[in-house]
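Worksheet: the structure to be examined is printed underneath.
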Amino acid sequence: MKHEQINNNRTNNNQLNDDSREHLELALGEQLNALISAAHALNVKAAARFDSSLQPAAFHIIRWLYSYGPASAAAIADATAMDRSSVSRLIKQLESLGYVSRAASPDDGRAILLSLTDLGQQQTLSALHEKGYAFYERIADWNDHELHQFIHMLKQFNGL
């Protein structure tokens, strides 16, 4: 009888742990959704700050070029998971506004590389500064240890 009671307690404890784990995973999902939603809202605001006449998808291309440098339209489409025809259309618009320029690839003169112009760089910095401020404001009261832990855990979560 005593042995049976111990097994029942173990089963109940495992069930509680499973329920707690499930609850924790749901809570994590809620917080990740909140982060993704906040990041999306900030991206839309940053895109409007960059140029209110552009779609946020155009700013996504701008941000990618800012982060990774000159690239072909096909590489940008693949990296941003956007349709190639949409990328092509948005790049034409960005070129006409003076934010993006085309140049022959130094490695292959037949290939065309797209890059940000000086105006594109300046506008990007301005838009990203405002976006960054919103996140920095949220961590302003964190000490260095808390910030280090958060960065470390995000790296682990992101598989880096």
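Translational diffusion coefficient of segment 56-120 at 20 °C, 1.002 mPa s, Stokes-Einstein with Kirkwood Rh over Cα pairs, in µm²/s as a whole number. D, rounded to a whole number, is 185 µm²/s.
Which angle from 0 to 90°, rounded to the nearest 10, does the C-alpha axis of helix 144-157 make with the longest principal axis of the chain? For 144-157 against the chain, the angle is about 90 degrees. Shape verdict for segment 94-160, please, from the Cα gyration tensor: rounded (a/c under 1.5), prolate (a/b greater than b/c) or oblate. Oblate.
Projected onto its three principal axes, the C-alpha set of segment 17-113 covers 62, 31, 21 Å, listed from the longest axis down.
I'd like the orientation of helix 84-96 relative to the chain: the angle between its Cα long axis and the longest Cα principal axis, in ° from 0 to 90, rounded to 10. Result, in degrees: 50.
For a quick protection proxy, order the peptides 30-37, 95-102 by their average other-Cβ count within 10 Å, most packed first. List each step's numbers first, then the result.
Numbers: 30-37: 10.4, 95-102: 16.1.
So the peptides 30-37, 95-102, ranked by packing, come out 95-102, 30-37.
When the Gaussian network model of the chain links Cα atoms closer than 10 Å, the mean-square fluctuations of ASP78, ASP118, ASP107 top out at ASP107.
Helix 118-139 and the longest principal axis of the C-alpha atoms of the chain enclose an angle of approximately 20°. Using a cutoff of 8 angstrom between alpha carbon atoms and counting only pairs six or more residues apart, the relative contact order for segment 58-160 works out to 24 percent.
Any read-out appearing in this document is the output of simple, stated calculations on the displayed coordinates, not a laboratory observation. Since this is a predicted model, take the numbers as computed values, not measurements. Note that we place each Cβ from the backbone using ideal geometry, even for glycine, and neighbour counts take in every protein chain shown.
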